[in-house]
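Presented below is the structure to which this report refers.
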C-alpha cells in the first residue's frame with residue numbers, strides 16, 4: 001500500500017476547508033456564509049434581499065436568517 005503526503009498551501013487549505021463546510025451543512029448563518037465566501041455581511045444580505053441567495057423559511061419575523069445550502073447544492077446539480 002502506497003501512502004504519500006499531500007502538502008497544501010494556505011490558500012489551497014482554506015479553499016478545501018470552505019468546500020468541505022459548504023458541502024456538509026444544510027444551513028449557514030449569514031455571518032458564516034460571508035466569512036466562508038470572503039464577502040461582507042452587507043453584500044450577503046443584499047443578495048438575499050434581491051432573491052439571489054435562498055434562505056431557510058422563518059417561522060417568526062425576528063428569527064435569525066440562515067442561507068439554505070441544500071437549495072444552493074440542488075440548483076448547482078440541476079445545472080450539471
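The values are calculated or read from the model by the stated rules, or taken from the named source; none is laboratory data. Being a predicted model, the structure only gives us computed values, none of them experimental. Neighbour counts are summed over all protein chains in view; Cβ atoms, including those assigned to glycine, are modelled from backbone coordinates with ideal geometry.
Here are the numbers for this structure:
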{"read-out": "Residue within region 5-16 that is part of a helix (DSSP H, G or I), surrounded by 13 or more Cβ atoms within 10 Å (Cβ to Cβ) and touching a helix residue (DSSP H, G or I) at 6+ places or on another chain (Cβ under 8 Å) present", "value": "no"}
{"read-out": "Pairs with Cβ under 6 Å, 6+ apart, first in region 41-54 and under 14 Å from residue 68 (Cα atoms), second part of a helix (DSSP H, G or I)", "value": "44/30; 44/33; 44/34; 53/47; 54/71"}
{"read-out": "Residue among 60, 64 that is more than 13 Å from the chain's Cα centre (by Cα), in contact (Cβ under 8 Å) with a residue 12 or more places away in the chain and surrounded by fewer than 12 Cβ atoms within 10 Å (Cβ to Cβ)", "value": "64"}
{"read-out": "Scan of region 45-76 for residues that are assigned to a helix (DSSP H, G or I), modelled with pLDDT of 95 or more and farther than 15 Å from residue 28 by Cβ, ordered by number", "value": "46, 49"}
{"read-out": "Residue check for residue 34: part of a helix (DSSP H, G or I), free of Cβ contacts under 8 Å to residues at least 24 places away in the same chain and surrounded by 14 or more Cβ atoms within 10 Å (Cβ to Cβ)", "value": "yes"}
{"read-out": "Residue 21 vs. criteria surrounded by 10 or more Cβ atoms within 10 Å (Cβ to Cβ) and touching a residue at least 12 places away in the same chain (Cβ under 8 Å)", "value": "yes"}
{"read-out": "Every residue from region 10-31 that is out of contact with any strand residue (DSSP E or B) (no Cβ under 8 Å at 6 or more places or on another chain) and at pLDDT 85 or above", "value": "25, 31"}
